[in-house]
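The values are calculated or read from the model by the stated rules, or taken from the named source; none is laboratory data. Here the structure is a predicted model, which means the values were calculated and not measured. Here the Cβ is made from the backbone with ideal geometry for all residues, glycine too, and neighbour counts use every protein chain on show. Side chains are part of the model used for accessible areas, which takes the heavy atoms of the whole protein and leaves out ligands, DNA and RNA. Shrake-Rupley method; radii C 1.70, N 1.55, O 1.52, S 1.80 Å.
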Amino acid sequence: MRRLVRGFWGPRVESVEELAQRWAATLEAVAGLLPQAGAGESAPWSWQWVRASGPAAPVTGDPAGLAEALAAARTADDWSDAVGTGLRLMRTGAPGWTVEISGTAGGAPQFLLQSLVIGVDAPEEAKVPEADLLAALARIWQPDFGDVSDNALLDALEDDAGHLVGDPAVGRFGHLSPGRAALLPDGVPPERELPDGGVLVAFGDDPAAVVAGYMALRDSGALAPLPRPLDRAAL
């Protein structure tokens, strides 16, 4: 089964070195929470850097190796100062386990959000710590909102709740930044309170429950889109 752990935020200009620290912390958290993806390799793991052109290249999960990859990606993209610096890493571990992490960050876009997405393919019977992965993403990247979802849940939101791609959403779990957490309705208790004042919320596997939770948060203003042109990282 493939699930997506996602975080999104608005403009936040950061240097290559700052991004490398966030990426290194992310890879460390993934190694700790998903040891099956390591296939016995000691952390920091080696990853495959999937580039826009040319073959994939190995990259180590330490800040120095990541800074080198990020600097190359930034140099190759004339628009990186505006849209952010993109990086996509993949790793195959034990049978049935693949992790892909992609992100675009460090820029000052006016319309497209910055993001970090962890895609996890795991055997059907595997227990994946989805809430812990989302909490780690929230701690490391300070997104405005995030979720744990899959194609079936995203389709249900679009078909049954009129969700628009790019707008804030929730899935089995959702993350709300402090400004959004302040708008949490009474009927949606937090699953976990985070140190920065943000929260995780939980709705389970049932698409109908996810749609109902999404609509309650949307109606309360907790899932209001950031105004465009973008002028802040979070609500």
Between segment 155-202 and segment 1-65, how many Å separate their Cα centres? 25 Å
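Let me have the 222 nm mean residue ellipticity of the chain computed from DSSP H runs of 4+ only, each contributing -39500 (n - 2.57), with the sum over all residues rounded to the nearest 500.
After summing the helix terms and dividing by residue count, I get -10000 deg cm²/dmol.
Rounded to the nearest 20 debye, what is the charge dipole size of the chain about its Cα centre when +1 sits on each Lys and Arg Cβ and -1 on each Asp and Glu Cβ?
Here the size comes out at about 360 debye.
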Taking square-rooted eigenvalues a ≥ b ≥ c of the alpha carbon gyration tensor, is segment 9-65 rounded, prolate or oblate, where a/c under 1.5 means rounded and, failing that, a/b exceeding b/c means prolate? oblate
Residues of segment 116-135 with amide nitrogen under 19 Å from the 7 Å Cα-to-Cβ point of Thr98? 117-128
Tell me the label-point distance for the pair Ala64, Gln110, using the 7 Å Cα-to-Cβ offset, in nm and rounded to one decimal. 4.1 nm
PRE reach from Asp159 (point 7 Å along Cα→Cβ): which of segment 195-216 fall under 15 Å by backbone N? 206-212
Please arrange Phe8, Phe111 by accessible surface area, largest first, computed with a 1.4 Å probe and ligands excluded. Phe111, Phe8
Ala57 versus Ala39, label points 7 Å from Cα toward the beta carbon: distance in nm? 2.2 nm
If ligands, DNA and RNA are left out, what is the accessible area of Asp196 with a 1.4 Å probe, given in Å² to the nearest 10? 80 Å²
Whole number please: convex hull volume per residue, Cα atoms of segment 36-178, in Å³. 141 Å³
What does the charge add up to near Ser15, with Lys and Arg as +1, Asp and Glu as -1, over the other residues with Cβ less than 13 Å from its Cβ? -1
Between Arg192 and Ala25, what length comes free when the chain is fully extended (0.36 nm per residue of separation minus the Cα-Cα distance, one decimal in nm)? 58.0 nm
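Compute the FRET efficiency between Lys127 and Gln48 as 1/(1 + (r/R0)^6), taking r as their Cβ-Cβ distance and R0 = 22 Å, and round to the nearest 0.05. If you can, show how the numbers build up before the last one.
On the way: r = 25 Å, r/R0 = 1.16.
For R0 = 22 Å, the calculated efficiency reads 0.30.
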For Val211, what is the net charge nearby, where nearby means another residue's Cβ is under 12 Å from its Cβ and Lys, Arg count +1, Asp, Glu -1? -4
Which of the three applies to segment 177-235, rounded, prolate or oblate, going by the alpha-carbon gyration tensor with a ≥ b ≥ c and a/c under 1.5 meaning rounded? oblate
Leaving out ligands and nucleic acids, and using a 1.4 Å probe, what accessible area per residue does segment 1-58 come to in Å²? 47 Å²
In terms of the alpha carbon gyration tensor, root eigenvalues a ≥ b ≥ c, rounded if a/c is under 1.5 and otherwise prolate when a/b exceeds b/c or oblate, segment 106-159 is oblate
Could you tell me what percent of the accessible area of the chain is made up of carbon and sulfur, with a 1.4 Å probe and every protein chain present? 55 percent
